[in-house]
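The next block holds one structure in the form of structure tokens; read it before the comments.
The values are calculated or read from the model by the stated rules, or taken from the named source; none is laboratory data. Everything numeric here is computed off the predicted structure, so don't read it as measured data. Backbone-built Cβ (ideal geometry, glycine too); neighbour counts: all protein chains shown.
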């Protein structure tokens, strides 16, 4: 699945959530096209015509283009009569019978990546509750895209040449970076909703952790490995808890369990044993 396709899936889910939360009869949206200052409307729900499908909205034009240009939510009570926006897309909006419309940008790392729209077929103000729900839906998309981008960046960072002398698997600076990447990937994987991408992340973790001669018989639970990966990267229990979204006591419990399974008496011994077992780089 391409980044654009996966982003469209997040837009589609957010639009469905927006309609459920607000009761708006129509919602639609899309992503900014790569390399172009415009949004392509690709996802629609509740529409009665194809008028808005594949519509390209240029930054600055219409309501959505205004939201893109300003990087903030915009709304109008009667689209065709509004003096706040330009009217390049009036024909498509009128064909769908839309009057009150809001547009909320999806902003990722200070860059607008898409727009969510919600609309009524009557001219009436869209209240704060509706706007707040639209903003929340956009933030859900933002977070999903951030997680995906972090995952892709980490995967790219781990795509170093595979042929490396066994003697290079030491505690040097290069392997410190590998271990930090491994810990970050382990922490990120549970937040990935796309099963294919999550599997890809965990596969990358396995490649990073693969040891030349893994010890047989060592079985660690996924969360025990997550905790040990953070510990191996130098994180404290509190930092590990924050990274994994767990309580500090839960982290301690996983660590104790991992130490017991590995026959270790200290954190350091547990990390060393996990590396010998081939579950940590």
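For the stretch 246-269, does any single residue satisfy the condition of being part of a helix (DSSP H, G or I), within 15 Å of residue 187 (Cα to Cα) and in contact (Cβ under 8 Å) with a residue 40 or more places away in the chain?
So far as the stretch 246-269 goes, no, none of its residues is part of a helix (DSSP H, G or I), within 15 Å of residue 187 (Cα to Cα) and in contact (Cβ under 8 Å) with a residue 40 or more places away in the chain.
One residue is enough: does the stretch 45-61 have a residue meeting the conditions assigned to a helix (DSSP H, G or I) and surrounded by 14 or more Cβ atoms within 10 Å (Cβ to Cβ)?
Looking through the stretch 45-61, none of the residues is assigned to a helix (DSSP H, G or I) and surrounded by 14 or more Cβ atoms within 10 Å (Cβ to Cβ).
If you take the residues in the stretch 42-58 that are touching a residue at least 24 places away in the same chain (Cβ under 8 Å) and within 16 Å of residue 88 (Cβ to Cβ), which one is farthest from the chain's Cα centre (by Cα)?
51
Can you go through 66, 99 and tell me which one is in contact (Cβ under 8 Å) with a residue 24 or more places away in the chain and closer than 20 Å to residue 23 by Cβ?
99
Tell me, which residue of the stretch 214-244 that is at pLDDT 85 or above and part of a loop (DSSP other than H, G, I, E, B) is surrounded by the most Cβ atoms within 10 Å (Cβ to Cβ)?
It comes out as 220.
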